[in-house]
Amino acid sequence: MIGGADLSSKFALDVQGVNQLKLDAKQSSPEALRAAAQQFEAVFMNMLMKSMREATPQDGMFDSDQTRMYTSMLDQQLTQRMASRGVGLADVMVRQLSATLQAPGGAGATSDQPAAQAVPPAARSGDAPAHVEAFVQRLLPHARAASAGSGIPAQFMLGQAALETGWGKAEIRGADGQNSHNLFGIKAGSGWRGRTVDIVTTEYVNGKPQKQVDTFRAYDSYADAFRDYANLLHTQPRYQNVIAQGQDAAGFARGLQQAGYATDPNYAQKLISVIRQFDQV
């Protein structure tokens, strides 16, 4: 275990320890990632403690600048020890960052091919924002795997995932911040037996947007999400025309909307625009 992994034995203001943590983190090791997440959790908890102190009256006869300074130091040490036990925030961060590091083209990639060769031309052009490139690099392998088993073009699935999540910026998460991996906005109907997530979403009723709480499916991985999406289109009779037009972006998008996949009256046109950003996957 590296030095930063056990925060309980560290002084909260240990500058040398922080510098060592930065050096370790550059190696992209799981231990360094865990230590960095725990350090962030400690900082976050210290901010909470500070807010609580500020909300407490401090005009007693024993209050002074000196006592407030020592109280602040004590709070930092307390939150450091609390973070070593964990409140769950570090675990969430480790899961999210580990997925990024292990994605193709990420810090943990070991492929013999350059990462750019695995990215669609439209997404690796000089004009593509960094978050778009990261989105494609992370999900392209799963899209290709689902395409091989379903016949649905990978760029169509990537395009819809991009539209539903804003290129990964607005993925569906639970109240605890845990990622549902639901890239396609698939709701949990009565037949769903897996995990679920309740969120506020926008639905169009008679052409007008309305906010409402809906229950969505949650998956253990992005690969599971792609497989379930492909299975949904193949097993639901209302999507048979979508599969029949699977090689035409416009027909695919309009077929989805006509089948009732989304209530947004402009959904098909939006999806077509996104799909056409991919020259070929």
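The values are calculated or read from the model by the stated rules, or taken from the named source; none is laboratory data. Worth saying up front: this structure is predicted, and the values here are computed from it rather than measured. Quick reminder, even Gly has a Cβ in these numbers, built from the backbone with ideal geometry, and neighbours come from all protein chains shown.
When GLY174 is tested against (1) within 24 Å of ALA134 (Cβ to Cβ); (2) at pLDDT 90 or above, only condition (2) is not met. Here the helices (runs of 4 or more DSSP H) wholly within region 181-281 that include at least 1 residues being of a type in the set (A, V, I, L, M, F, W, C) and surrounded by fewer than 16 Cβ atoms within 10 Å (Cβ to Cβ) are 222-235, 240-244, 249-258. Across region 198-210, a minimum of one residue is classified as over 25 Å from PHE135 (Cα atoms), polar (S, T, N, Q) and free of Cβ contacts under 8 Å to residues at least 40 places away in the same chain. Region 119-171 holds helices (runs of 4 or more DSSP H) entirely within its bounds, and those carrying 1 or more residues that are at pLDDT 90 or above, crowded, with 20+ Cβ neighbours inside 10 Å and of a type outside the set (A, V, I, L, M, F, W, C) map to 130-150, 154-165. Being touching a residue at least 24 places away in the same chain (Cβ under 8 Å), charged (D, E, K, R) and touching a Leu at 6+ places or on another chain (Cβ under 9 Å), is that true of even one residue in region 266-274? Looking for residues that are touching a residue at least 24 places away in the same chain (Cβ under 8 Å), charged (D, E, K, R) and touching a Leu at 6+ places or on another chain (Cβ under 9 Å), one finds at least one in region 266-274, hence yes.
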